[in-house]
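A short write-up of the structure that comes next.
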Amino acid sequence: MDGTSNGSAAPITLERVGKRYPDGTDAVNSLSLDIPAGELVVLIGPSGCGKSTVLRMINRLIEPTSGRILLDGADVNSGDAVDLRRRIGYVIQNTGLFPHQTIRANVATVPKLLGWSRRRIDDRVTELLDLVGLDPARYGKRYPHELSGGQRQRVGVARALAADPVVLLMDEPFSAVDPIVRVRLQDEFLRLQATVRKTIVMVTHDIDEAVRMGDRIAVLSQGGTLQQYASPAALLSTPANDFVREFIGSDRGIKRLTVLPVPRDGLTSVSTVDDVQAGPSVSPGSSLRDALAALLDGGTGWVAVRDDDGTALGVLTPTQIALAGAAEAESASVPAQQARPSTVS
Ligand SMILES: Nc1ncnc2c1ncn2[C@@H]1O[C@H](COP(=O)(O)OP(=O)(O)OP(=O)(O)O)[C@@H](O)[C@H]1O
């Protein structure tokens, strides 16, 4: 994906953006950020560092007091605000669904405002409920309180995607659900993103969520000060400073295993182990963390890397996993999508 609009996604550029509230609070101070089309960028940082303010400046719910925000090259504050928001889906914590409207009506909100025909709206709502994994026949006529928190969150995503926006803004979208549902929703969302490829800006407090989901992560400190902007692998291998290092936590070595794929080269020959067919295995797209988990579960001291057709390419030992995890991560300028393992669990 290059940095230009591709019809279904558009790049966002923040140029020295600042927001000073009338009481003198500098919520965001001269923040510059390039968000390429079709990438998922996570904003993370301590409470009150300005994450939500940045998000709400992008869709013009808040106006910057300095600098500019460009969507597909055009200043978001120069055109019509309603037009702008039609191009930007917004998903918030606790979904913000209308409680007295059915799920179908909730998802249909923006298409209705746009004056789409009834038929087109019906088709689109059905398509979107399917896309987020909710059976339209079963859930479409229910009201939000008749769904679980995770299901409501999916409806929130479907509603935000309804008019095919070029950007999706997500403010702590998964924080209101329990940790297990949360991981499932994150995985589902990544699969959805692989299909729709929107430009997504997501705010979270959770570094594991950031590492799992982000193509790039922007770590902010108070006043919206950018401390580092890098792929998860680069952030974990080379934190820019003590602030980032502390923010990531002491287990960054383990976290790195989640974002690095098993190597294809330098595997140990299968001839060095007994009965490779009976032992644990992972696919070449798996993460090093998956490989370590399979190795530990298998109790064999090794894990085979097996192609789709079942051919064992070789085996990995604990030492090899440790060395691959410690290898220098790719530079932050390389799109992180290329580095993310296909299965992250
Ligand atoms: N209307 C306002 N007037 C004055 N200060 C405000 C206003 N809204 C937000 N702030 C301040 O701006 C700063 C940034 O707020 P923001 O909500 O963007 O932070 P955040 O990083 O999203 O926080 P959290 O993670 O706790 O949600 C905070 O210090 C907050 O108190």
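Put simply, the convex hull of the Cα atoms in region 44-122 casts, on average, a shadow of 7.3 nm².
Legend: distances between Cα atoms for Lys19/Lys255; Lys112/Lys198; Lys51/Lys112; pairs beyond 26 Å are Lys19/Lys255; Lys51/Lys112. Put a plus charge on the Cβ of each Lys and Arg, a minus charge on the Cβ of each Asp and Glu, and nothing anywhere else: the dipole of the chain about its Cα centre is then about 1320 debye.
In region 1-159 the Cα-Cα distances spread across 10 Å bins starting at 0 as 10, 32, 31, 22, 5, 0 percent of all pairs.
If you look at the Cα atoms of region 141-255, you get an Rg and a Dmax of 15.7, 51 Å.
Residues in region 238-268 near a label at Asp307, defined as backbone nitrogen under 14 Å from the 7 Å Cα→Cβ point? Flagged as within label range: 264-265. Put simply, when 38-49, 211-222, 11-22, 130-141 are sorted by average Cβ atoms within 10 angstrom per residue, most first, you get 211-222, 38-49, 11-22, 130-141. Shown here is the pair-distance distribution of the chain: with all Cα-Cα distances grouped in 10 Å bins from zero up to the longest one, the shares run 5, 23, 29, 24, 13, 5, 1, 0 percent. Solvent-accessible area assigned to carbon and sulfur over region 136-200 amounts to 51 percent, based on a 1.4 Å probe.
Where a ≥ b ≥ c are the square roots of the eigenvalues of the C-alpha gyration tensor, would you call region 213-305 rounded, which needs a/c under 1.5, or, failing that, prolate if a/b is larger than b/c, or oblate? Prolate, since a/c reaches 1.5 and a/b exceeds b/c. Farthest toward the dipole's positive end in region 91-208, which of Val107, Val167, Met202, given Cβ charges of +1 (Lys, Arg) and -1 (Asp, Glu) about the Cα centre? Final value for the positive-end residue is Val107. Summing Cβ point charges (Lys, Arg +1; Asp, Glu -1) relative to the Cα centre of region 1-137 gives a dipole of roughly 420 debye.
Short-range pairs are left out: with C-alpha atoms under 8 Å and at least six residues apart, the relative contact order of the chain is 18 percent.
Neighbours of His205 by Cβ distance under 15 Å: Lys/Arg scored +1, Asp/Glu scored -1, total -3. The charge dipole of region 164-248, taken about its Cα centre with unit charges on the Cβ atoms of Lys, Arg (+1), Asp and Glu (-1) only, comes to about 280 debye.
The residues of region 34-114 have, on average, 42 Å² of accessible surface per residue, using a 1.4 Å probe with all protein chains present. For the pair Glu246 and Ser32, a Förster radius of 25 Å applied to the C-beta separation gives a FRET efficiency near 0.60, rounded to the nearest 0.05. Note on Ser221/Leu190: beta-carbon distance plugged into 1/(1 + (r/R0)^6) with R0 of 35 Å gives a FRET efficiency of 0.80.
The values are calculated or read from the model by the stated rules, or taken from the named source; none is laboratory data. On a predicted model such as this, the values are computed, not experimentally measured, just so you know. Every residue, glycine among them, receives a Cβ derived from its backbone with ideal geometry; neighbour counts consider all protein chains shown. Ligands, DNA and RNA are stripped out before the accessible areas are found, and what is left, the full protein with its side chains, is counted by its heavy atoms. Shrake-Rupley method; radii C 1.70, N 1.55, O 1.52, S 1.80 Å.
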